[in-house]
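Report on one structure; see the data block that follows.
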Amino acid sequence: MIRKITAVLAVGAVAGGVGIAAAGPAAASTWTMPNLIGMDLQGAQDAIQSLTADAVWYSSSTDLTGKGRAQISDRNWQVCTSAPPPGGKFTESMKVDFGVVRIDTETCP
């Protein structure tokens, strides 16, 4: 009787181990950066969130004039550059940054 119980426990442990090993880690999602040049910053941020189903919910932005201004009202800023560039690949762990200038008062460098 003891041998049968031991055998059942051993088989159960092996089968359970196979199930866990087969699951493994999920592969990281990769997306292609769309061409968002010319859009307002808020629209570009929304596009990235939509594309990635909110897996990438934060993107940074950089004032391309060199003045170091913060982008408080995102709709007032135009996207001039993106990192990664249009067509480039990115994952959830990569930084997405938009180079911007003020709409209607500045031009892209």
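Since every read-out is calculated from the coordinates, none of them should be taken as a lab result. Since the model is a prediction, treat every value here as computed from it, not as a measurement. So basically every Cβ, Gly included, is an ideal-geometry build from the backbone, and we count neighbours across all protein chains shown.
So here's what we get for this one:
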| read-out | value |
| --- | --- |
| Amide H contacts of ARG69 (H built 1.01 Å from N, under 5 Å, at least 5 apart or other chain) | ASP63 |
| Relative compactness, segment 56-109, computed as alpha-carbon Rg over 2.2 N^0.38 Å | 1.16 |
| Qualifying trypsin sites (Lys or Arg not before Pro) for segment 46-87 [loop in DSSP, other Cβ within 10 Å: at most 10] | LYS67 |
